[in-house]
Amino acid sequence: MEDILLRARNISKNFGELEVLDSINFDIKKGEIIGLVGSNGAGKTTLLRILSGVYNATAGEIKFDNGETIETARQRIGVVPESTGLYSRLTAWENIRYHSRLYGVRDEFAWRRTSQLAEPLGMTNALSRHTKGFSRGMRQKTALLRALAHSPHLLLLDEPTSGLDITSARTLRKLILKLKDERGAVIYSTHQLAEAEQICTRIIIIHNGEIRADGTVLEILESTNKNSLEEAYVHLTSDDARPRFEHEEKTTRLSAWWRQLFTGKLPPKQIGGDESE
């Protein structure tokens, strides 16, 4: 019996008359690193937001191995969004501690795990600094530490190496492999096919809201009769991509806060102040 962590069945998402995702189906196994590959507007970010609980699917269901839904099992998920959503008036550690407390994680546990992960990222001395002056790369590293501090079972990464130098990007990939060794699963959304091929055990190609391929690199090459993942990708996505679509759903105060935490986007006039980056 396969060691399934999560199942997604018939996931669709509409914004008005626009169908962004169309009957998406996949399983996530423990210890997998899944590369989610697609162009702008393909539906990658919408899918990640549904998996993180920021959006509700229009149709379909997502359940963990114990039968829990995303809404009741958010503590099992870690998210590193493209926009890090850090609070600039807090230090890196205070951002991480605040996030961990929301999950009911004791400060001692969060600090121990953060300290262990911060060292290879070169972030140990930066944990006590306010994030306002952080570079893009340092914000990205802080967001990664924040996502890992509560030991999630599923880690969602949206362009995680964006803004990182070569050494830091390599270290980040090593941390992802460490999570794999701990039997956690990772969804790694990226535009970089070479990066996905290097680290991911499985590739999902999404285009115009549909899954066009799902398998190992070798399986995708064999099914398309191509010699490289780039050639296979071009072959599978040869129809025109739809224009990139930005949409913000109407939100309650709670869902607005949740969205700000994981996307850095706060709908206006819902929560006072501007503490994001």
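The values are calculated or read from the model by the stated rules, or taken from the named source; none is laboratory data. Keep in mind that this is a model prediction, so the values were computed, not measured. For neighbour counting, all protein chains shown are included, and Cβ atoms are generated from backbone atoms with ideal geometry for every residue, glycine included.
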Revision key, fill the gap. Heads up, the helices (runs of 4 or more DSSP H) in segment 29-125 (entirely inside) with at least 3 residues that are surrounded by 15 or more Cβ atoms within 10 Å (Cβ to Cβ) and within 14 Å of the chain's Cα centre (by Cα) are 44-52
Practice item. Only one of these is over 29 Å from residue 44 (Cβ atoms) and in contact with a helix residue (DSSP H, G or I) (Cβ under 9 Å, 6 or more places away or on another chain): 150, 99, 130. Name it. Key: 130
Check your understanding: Is one or more of the residues making up segment 151-169 buried (at least 22 other Cβ atoms within 10 Å of the Cβ), touching a strand residue (DSSP E or B) at 6+ places or on another chain (Cβ under 9 Å), in a helix (DSSP H, G or I) and in contact (Cβ under 8 Å) with a residue 40 or more places away in the chain?
Key -> no
Revision key, fill the gap. Residue 187 passes all but one of the listed conditions (1) touching a strand residue (DSSP E or B) at 6+ places or on another chain (Cβ under 9 Å); (2) farther than 20 Å from residue 78 by Cα; (3) of a type outside the set (Ser, Thr, Tyr); the exception is number (2)
Point to revise | Selection within segment 1-28 - closer than 14 Å to residue 212 by Cβ and surrounded by fewer than 16 Cβ atoms within 10 Å (Cβ to Cβ) | key: 23, 25
**Study point:** Neighbours by Cβ (under 6 Å, 6+ apart or cross-chain): first from segment 14-32, closer than 15 Å to residue 50 by Cα and among the β-branched types (Val, Ile, Thr); second assigned to a loop (DSSP other than H, G, I, E, B) and at pLDDT 90 or above
**Key:** 20/209
Review point. Among the residues of segment 142-156, is any modelled with pLDDT under 90, over 27 Å from residue 4 (Cα atoms) and of a type in the set (Gly, Ala, Ser)?
Key: no
Point to revise | Only one of 173, 146 that is assigned to a helix (DSSP H, G or I) and more than 30 Å from residue 232 (Cα to Cα) | key: 146
Practice item. Go through segment 170-190 and give me each residue that's under 17 Å from the mean Cα position of the chain (by Cα) and either free of Cβ contacts under 8 Å to residues at least 24 places away in the same chain or farther than 30 Å from residue 113 by Cβ (or both). Key: 178
